[in-house]
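Laboratory data are not the source of any read-out in this text; all were calculated from the coordinates shown. In this text the structure is predicted, and so the values were computed from the model without any measurement. Methodologically, a virtual Cβ is constructed for each residue, glycine included, from the backbone with ideal geometry; neighbour enumeration extends over all protein chains shown.
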Amino acid sequence: MKNLTSWAIIALTLTFLIGPFIIIIFAGASAGEALAFPPDGLSLRWYLKVFTIESFRQSFLLSMGLAIFGTIAALLLGIPAAYALNRYDLPGAETIRMVVASPIIVPGIIVGLALLRYLVIPLDFTVTLALFLAHTALVLPYAVRVVSSSLNNLRSDMEEAAVLLGCTRLQAFNKVVLPNIRGGVLAAFILGFVTSFNQVPVSLFLSGPGVRTLPIDMLSYMEITYDPSVAALSAVLAFMSLAIVFIAERLLGFSRYV
Amino acid sequence: MFSSTRTGLALALPAAIFASLLFILPVGILLSEAFKSDAGWTLQGYIDFFAKPLNRTVFLRTLKLGVLVAGTAAIIGYATAFAITNLSPKSRGRVFGLIILPLMISPVARTYAWIVILGRTGIVNDTIVGLGLSDTPIRLLFTETAVFLGLLQLFMPLMIISLLSAMENIPKDVIPAARVLGANWFQVFFKVILPLTKEGLVVGGTLVFTGALTAYITPAILGGSKVLMLETLLYQRVNVANDFVSASVIAMILIVMSFSANLLLKRIATARK
Amino acid sequence: MSDNFVSLSDLTLSYGQTVAVPNLNLDVVEGELIALLGPSGCGKTTTMRAIAGLLTPTSGTIAIDGRDVTRVAANKRGIGLVFQSYALFPHLTAFENVAFGLRLQKMPDAEVRERTEKGIATVSLAGFEKRKPAEMSGGQQQRLALARSLVMKPKVLLLDEPLSNLDARLRLEMRTELQRVQKKTGVTMVFVTHDQSEALALADRIVLMKDGKIEQLGTPHELYAEPATAFAAEFMGFENIFRVEGANLMSDTGQLPLGFTAKSPMLAWRPSGVQVGDGPFSGRVSASSYAGGHREYVIDTPIGQIKADASIETPEVPIGDTIAFGLPETTARPLAK
């Protein structure tokens with residue numbers, strides 16, 4: 001296949017995949033009132049407007065909190081689990097793996113609804129707590145998978161050597177395993193963070209007055225607003241995710257662990 | 001490896017228990033609602049659900065779009081993946097990065113762009129009216145086509161990545177060897193590339209199909225209430241009508257469809273061997 | 001018998017902006033076994049891929065059996081190519097691998113079966129039909145790749161480093177196999193190798209290449225005994241190559257007086273052509289290894305290191321000792337440059 005044809009195909013596909021994103025950036029930078037592309041003149045006012053809306057500030061903080069703490073919780077549960085599955089010969093290992101991976105298979109909206117009906121309402125959990133638990137469960141499969149793959153690359157002889165040199169299992173874990181899977185853990189954190197931050201279906205039913213994640217807040221805003229601020233908002237949201245990923249890439253060569 | 005099973009279980013169980021309690025249990029109960037009625041276990045919920053024409057339409061439409069998106073993604077995906085393998089390693093890395101990029105961006109942002117493109121004053125309509133192909137803007141939003149495009153854009157990177165990784169496992173000179181033996185490019189694809197990248201196609205196909213089936217945001221933004229899909233229907237039934245039986249039925253259908261798709265594709269892959 | 005069964009005219013091959021092979025002219029005789037020999041990067045594999053149609057020339061033409069195939073696609077040239085990696089189809093059985101090209105031609109099933117079975121028998125792989133390539137040894141895989149190309153009855157058979165991956169015993173077997181097949185089918189064979197002993201053993205003619213150009217073209221004997229340039233001499237095993245200035249043999253480190261008048265700017269000796277133990281010069285033995293039929297010395301001399309082979313009969317001179325040696329006129333090979 002000639003090089004020219006190859007590049008043409010790739011260019012077309014990339015235009016389809018990324019073009020819309022570029023369009024949104026510019027549509028949000030319109031100086032005019034209506035949402036259109038190409039925009040009538042360029043201006044940053046719609047981007048500025050996005051930052052001034054109060055409810056966005058609140059939902060942004062909530063999303064950030066959920067992403068950070070939910071991912072940390074998922075890692076606290078997931079790292080031991082990944083370690084156990086990898087280094088031990090567990091009965092029912094396959095079942096455990098499946099159970100832990102299940103949140104990915106079931107559509108998020110069902111999870112949200114189920115949690116609402118059987119945890120929030122009957123047990124009187126606050127919405128925030130329910131969101132936190134849901135996001136943790138959502139990130140758990142990614143945490144286990146990424147850390148597992150990191151562990152696979154680390155041979156177990158290192159720990160055995162440490163133990164023979166006098167460490168307890170826990171010390172060996174802290175001194176030998178953790179430093180070496182640090183990259184994998186960080187990668188899992190980034191992946192979990194982004195997944196949680198962008199999550200919509202799970203949070204749909206679990207939102208209440210004053211308690212909304214940013215994407216959900218955006219969705220309702222989009223239903224009533226038709227000016228370029230929506231495009232600006234989408235662009236800002238996209239930039240945020242990208243920024244996080246770029247920083248991660250700089251820090252650790254992210255792609256090795258996924 | 002270490003032999004103390006007890007410690008191992010102690011480490012792994014919290015995660016497993018958390019996932020079960022928080023997730024499997026509530027979901028299980030929700031799904032069981034679909035079978036309940038005052039008289040005990042029954043399939044009446046399903047019968048009632050499918051009795052309504054609207055529900056049937058939504059069900060078939062979701063299935064149809066799932067298949068179309070997966071199929072189109074496969075075709076474009078193979079072409080793109082193959083084109084990428086012809087590039088130098090440096091270019092390959094850059095292109096790969098560009099393809100993964102969209103996955104990091106919120107689906108809300110990615111989908112919203114289509115409003116700008118397909119709206120009444122959007123690019124497509126501007127071009128159509130400008131070229132004189134129509135006097136008034138055509139309604140492109142809130143159609144199945146809009147949802148199709150949105151879903152395709154959302155999930156195509158997954159297919160490309162899957163196929164790319166499968167293609168990299170084809171031994172080095174196998175494709176030139178087939179060419180020298182007389183195969184034209186169609187034959188190279190069907191007799192060599194396809195059989196050797198089957199697993200990648202299965203993985204990609206399942207990811208895209210189930211993704212399209214269970215998508216919420218894209219159908220919500222681009223389809224609204226005119227083009228309902230199973231998930232947006234579910235939301236509507238709960239929010240608007242407090243109809244939990246329908247919701248459970250839909251949830252069950254979604255899960256069954258994802259699982260079946262997975263099994264079916266796996267069977268096709270092993271059968272061809 | 002056509003003298004230019006395969007004809008390359010003013011062929012220029014490039015990778016992007018870099019020219020790998022500039023203006024190559026070569027005619028291959030029908031039915032001959034010709035080797036493209038040279039170090040890596042010399043353009044031999046590039047030329048082979050161009051003949052196969054896997055690389056489009058920047059300029060020039062390629063003709064096979066009188067037909068200009070320069071713009072003809074790889075799947076329509078009627079040539080066979082045995083890749084260095086064999087490139088067998090991992091998902092097909094041995095039988096289906098060999099039958100692959102035949103099936104593409106929509107031949108009736110019975111004919112495919114007959115030709116495939118014959119092809120498999122020709123390379124002594126009868127009985128292996130149902131095995132997958134992964135279940136076969138390296139040598140068997142290579143024979144399978146050979147059969148796969150041969151059943152197509154190609155006009156020209158190209159082989160990329162056919163013996164490089166094999167151990168010594170298999171190499172000998174495969175060498176014999178290739179010669180046998182060639183005598184039997186009469187197919188024109190072009191093979192690419194970096195190993196001069198392979199080329200010497202197999203080829204009717206050798207094309208020694210350097211930097212994309214033909215350094216020397218000739219029979220194995222011509223290349224072995226009469227290399228024309230310093231590069232050719234070195235490649236064919238003349239380890240001791242020096243400049244001549246006046247009555248002396250010169251190098252960057254020193255000189256030695258020649259005992260005779262040289263008629264060329266450079267002279268070369270094989271290690272076996274160096275007189276050992278006796279002669280006008282002396283040096284210190286810095287290395288010595290036993291090679292079965294002879295002993296290989298490395299001697300430090302004013303002119304640099306001299307590699308010399310001595311017969312097993314003569315007593316060994318230990319490392320560090322002085323040894324006498326000579327560079328006789330009879331075994332000197334004159335070189336133009």
Need one number: the % of Cα-Cα pairs in region A:156-215 sitting beyond the 15 Å mark. 64 percent
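Please report the orientation-averaged projected area of chain C, defined via the convex hull of its C-alpha atoms, in nm².
Numbers: hull surface 83.5 nm².
Mean shadow area of the hull around the Cα atoms is 20.9 nm².
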Ranking C:PHE191, A:PHE26 by Cβ neighbours within 10 Å, fewest first, what do you get? A:PHE26, C:PHE191
C:VAL19 and B:VAL129 label points (each 7 Å along its Cα→Cβ direction) are spaced in nm at 5.8 nm
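Could you list C:THR193, A:THR128 in order of exposure, starting from the residue whose Cβ has the fewest other Cβ atoms within 10 Å?
Numbers: C:THR193 22, A:THR128 15.
Ascending Cβ contact count within 10 Å gives the list A:THR128, C:THR193.
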How long are the three semi-axes of the equivalent ellipsoid of region B:1-121, in whole Å, if each is the root of 5 times an eigenvalue of the C-alpha gyration tensor, listed from largest down? 39, 33, 15
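If neighbour count is taken as other Cβ atoms inside 10 Å, put C:SER264, A:SER149 in order from fewest to most.
The order, fewest Cβ neighbours first, is C:SER264, A:SER149.
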Can you find, among C:GLN142, C:ALA110, C:VAL72, the residue farthest towards the positive end of the dipole of region C:71-143? Put +1 on the C-beta of Lys and Arg, -1 on that of Asp and Glu. C:VAL72
Under a Cβ-only charge scheme (Lys and Arg +1, Asp and Glu -1), can you give me the dipole magnitude of the protein assembly as shown about the Cα centre, in debye to the nearest 20? 1980 debye
Below 8 Å, C-alpha to C-alpha, sequence gap of six or more: please give me the relative contact order for region C:238-335 in percent. 34 percent
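Using 1/(1 + (r/R0)^6) with R0 = 60 angstrom and r between the beta carbons of C:SER264 and C:ALA110, what's the FRET efficiency to the nearest 0.05?
Numbers: r = 65 Å, r/R0 = 1.08.
Efficiency computed from Cβ-Cβ geometry: 0.40.
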In nm, what is the difference between 0.36 nm times the number of residues separating A:ASP40 and A:PHE69 and their Cα-Cα distance? 6.2 nm
Using only the Cα atoms, work out Rg/Rh for chain A, with Rh taken as the Kirkwood radius, to two decimals. 1.06
With a/c under 1.5 counting as rounded, go ahead and sort region B:132-268 into rounded, prolate or oblate using the C-alpha gyration tensor (a ≥ b ≥ c being the square roots of the eigenvalues; past the cut-off, prolate if a/b is larger than b/c, else oblate). oblate
If I take R0 = 25 Å and measure r between the Cβ atoms of A:ILE121 and B:PHE50 in this structure, what FRET efficiency does the formula 1/(1 + (r/R0)^6) give, to the nearest 0.05? 0.30
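How large is the Kirkwood hydrodynamic radius of region C:116-263, in angstrom, based on all distinct alpha carbon pairs? Please list the in-between numbers first.
Values: mean 1/r = 0.0548 Å⁻¹.
Its Kirkwood hydrodynamic radius stands at 18.2 Å.
Is there a quick way to get the dipole size of region C:6-233? I mean about its Cα centre, with the Cβ of Lys and Arg at +1 and of Asp and Glu at -1; what is the value in debye to the nearest 20? Could you put the intermediate results ahead of the total?
Values: 27 positive and 25 negative charges, 154 e Å.
So the dipole magnitude of region C:6-233 works out to roughly 740 debye.
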Quick check: Cα centre of region B:24-96 to Cα centre of region C:141-169, how many Å? 49 Å
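Per-residue ellipticity at 222 nm for the protein assembly as shown, helices alone: DSSP H runs ≥ 4 residues times -39500 (n - 2.57), over residue total, nearest 500 deg cm²/dmol?
Details: 33 runs with 465 residues, N = 868.
For the protein assembly as shown, the value works out to -17500 deg cm²/dmol.
Need one number: the % of Cα-Cα pairs in region A:1-139 sitting beyond the 26 Å mark. Please report the intermediate quantities before stating the final value.
Values: 5482 of 9591 pairs.
When every Cα pair of region A:1-139 is considered, 57 percent fall beyond 26 Å.
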Size of charge dipole - chain B - debye, nearest 20, with Cβ of Lys, Arg +1 and Asp, Glu -1, no other charges: 720 debye
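Ratio of alpha-carbon Rg to the 2.2 N^0.38 Å globular estimate for the protein assembly as shown, to two decimals, please.
1.25
Tell me whether region C:197-326 comes out rounded, prolate or oblate; compute the Cα gyration tensor, take square roots of the eigenvalues as a ≥ b ≥ c, and use a/c under 1.5 as the rounded threshold. Can you show the working numbers first?
Numbers: a/c = 2.36, a/b = 1.37, b/c = 1.72.
The shape class here is oblate.
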Among the lysines, which have Cα under 17 Å from the Cα of C:LYS130 when same-chain residues fewer than 8 positions away are ignored? B:LYS273, C:LYS118
For C:LYS76, list the lysines whose Cα falls under 16 Å from its own Cα; do not include residues on the same chain fewer than 8 positions away. C:LYS106, C:LYS153, C:LYS155
Please name whichever of B:PHE50, B:VAL108, B:ALA183 sits farthest to the positive end of the charge dipole of chain B, dipole taken about the Cα centre and charges placed at Cβ: Lys and Arg +1, Asp and Glu -1. B:ALA183
Positive end of the charge dipole of chain C (Lys, Arg +1 and Asp, Glu -1 on Cβ, about the Cα centre): tell me which of C:THR219, C:PRO257, C:ALA126 has its Cα farthest that way. C:ALA126
Could you pull out every one of the lysines with an alpha carbon less than 27 Å from that of B:LYS64, ignoring same-chain neighbours closer than 8 positions? B:LYS52, B:LYS198, B:LYS226, B:LYS266
Taking 1 over the mean of 1/r across every pair of different Cα atoms in chain B, what Kirkwood radius in Å do you get? 21.8 Å
What nm distance separates the two modelled labels at A:LEU154 and B:VAL256, each placed 7 Å from Cα along Cα→Cβ? 4.5 nm
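To the nearest 0.05, how large is the calculated FRET efficiency for B:VAL67 and A:LEU129 if R₀ is 60 Å and r is the Cβ-Cβ distance?
Values: r = 40 Å, r/R0 = 0.66.
That gives a FRET efficiency of 0.90.
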Do you know the relative contact order of chain C, to the nearest whole percent, from alpha carbon pairs under 8 angstrom that are 6+ apart? 16 percent
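Quick check: residue separation of B:ASN242 and B:LEU263 times 0.36 nm, minus the Cα distance between them. What number comes out in nm?
On the way: separation 21, 0.36 × 21 = 7.56 nm, distance 3.34 nm.
Full extension of this stretch gives 4.2 nm more.
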Mean shadow area of region C:1-90, taken as a quarter of the surface of its Cα convex hull (nm²): 6.6 nm²
Taking a label point 7 Å from the Cα of C:LYS213 along Cα-to-Cβ, the residues of region C:3-18 whose backbone nitrogen sits under 15 Å from it are C:10-13
